[in-house]
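Heads up: the structure comes next, in C-alpha cells.
Readers should treat all values here as calculations from the given coordinates under stated rules, not as data from a laboratory. All values reported here derive from a predicted model rather than from experimental measurement. Positions of Cβ are backbone-derived with ideal geometry, glycine not excepted, and every protein chain shown enters the neighbour counts.
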Amino acid sequence: MQRRHLLVLALPSAAFAQNQPLPLASPVDAVHFYVIPTDDIAEQAAGAIASALTQQTGLWIKATLWTPAGELAPFPGTNQYAAEDYLPLGARAAKMLREASPRTYSIVLTNRDINARARNLRFLYSMHSPMTNASVLSVARLQYNLDGSQASAKEVANRVAKMLMRIVGEMRLGWRRSSDPADLMYAPIMSIEDVDRMDLSHTLESRK
C-alpha cells in the first residue's frame, strides 16, 4: 500500500531535530508517551516533534513507525471519521513496543477530521480513552488559519506540539483547564486563534 506522507513539517528550530540528545530522559526507563503517525502523517514529522517535547518536558516521548489505520469509512455524506475507531490503534501498537510499560500512553496522530460517533459537536481536535491509555489527535484543522488559508509548516508544527502537550498534561501530569489564554490548558478552545495564543514555555514555567 502506498503511503502519501502529506504532512511533512518544516520544523521551527534545531530543537526539533531527531538526532538531538535527550539529556532529561533516560533510555533505561519506559517510554512515557508514544506518538503514532497514521494516515498521511510523516514519520519524520512525528519523530521530530516527539524529540522536541522530550527536551522541553523531561518526559521520554517517542514516535513509532508509520502505522496503517485500516479500512475506516467516514460518516455518510462527510469527510469526518469516528474518533473512537482510532483509539484501539494506540492500544494495539503499545503491546508491540518493547520500551512500553503498563503506564505508557499512546497518542495516535492523524490528518483526518474526526468527530465522536454521537456527533454532538461539529468536530473534535482530540479524544481520550484513559482506561486504555490512548488518545487520538487530529491535525486536520490545525493546518488552516481562521480565514481558511493554508498555515505555514512552522505554524502547523507549533500547533501540533501544543495540542500533543495538552494531552500529555491532561492525561498524565494532572493539569487542569485554565482561563489563562496563554496556558496550554485554556478552555474552551473556540477557534484556531486560541491555539495560536497558547504558549508552551509559559505553561511549563507556570506549572513548575
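Entry note, the stretch 14-176: relative contact order of 21 percent, from Cα contacts under 8 Å with a spacing of 6+ residues. Among His32, His128, sorting on how many other beta-carbon atoms sit within 10 Å of each Cβ, with the fewest leading, yields His128, His32.
Remark on Met127: its backbone amide H falls under 5 Å from those of Val136, a criterion applied only to residues 5 or more positions apart or on other chains, H modelled at 1.01 Å from N. Each of Met190 and Asn120 was given a label point 7 Å from its Cα along the Cα-to-Cβ line. The distance between the two points is 2.1 nm.
If you run the Gaussian network model on the chain, springs between alpha carbon atoms under 10 Å, then out of Leu184, Leu89, Leu72 the most flexible one is Leu72. Set the Cα radius of gyration of the stretch 124-208 against 2.2 N^0.38 Å, with N its number of residues, and you get 1.07.
Note on the chain: with a GNM built from Cα contacts shorter than 10 Å, the maximum mean-square fluctuation among Gly77, Gly174, Gly148 falls on Gly77. Highest mobility in the GNM of the chain, judged by mean-square fluctuation with C-alpha springs under 10 Å and restricted to Met127, Met190, Met171, is found for Met190.
Couplings 3J(HN,Hα) of the stretch 37-42, computed from phi: x, 9, 6, 9, 8, 6 Hz, in residue order, whole Hz [Karplus 6.51 cos²θ - 1.76 cosθ + 1.60, θ = phi - 60°; x for Gly and Pro].
Summing charges over neighbours of Ala48, with a neighbour being any other residue whose Cβ is under 14 Å away from its Cβ, gives +1 when K and R count +1 and D and E count -1.
Computed from phi, the 3J(HN,Hα) profile of the stretch 84-100 under the Karplus parametrisation 6.51, -1.76, 1.60 (θ = phi - 60°) reads 4, 6, 8, 4, x, 4, x, 5, 5, 5, 4, 5, 9, 9, 5, 8, 8 Hz, with x in place of Gly and Pro. Placing dummy labels 7 Å off each Cα toward the beta-carbon, the span from Gln150 to Lys95 is 4.0 nm. Ranked by the mean number of other Cβ atoms within 10 Å of their residues, highest first, the peptides 95-101, 48-54 fall in the order 48-54, 95-101.
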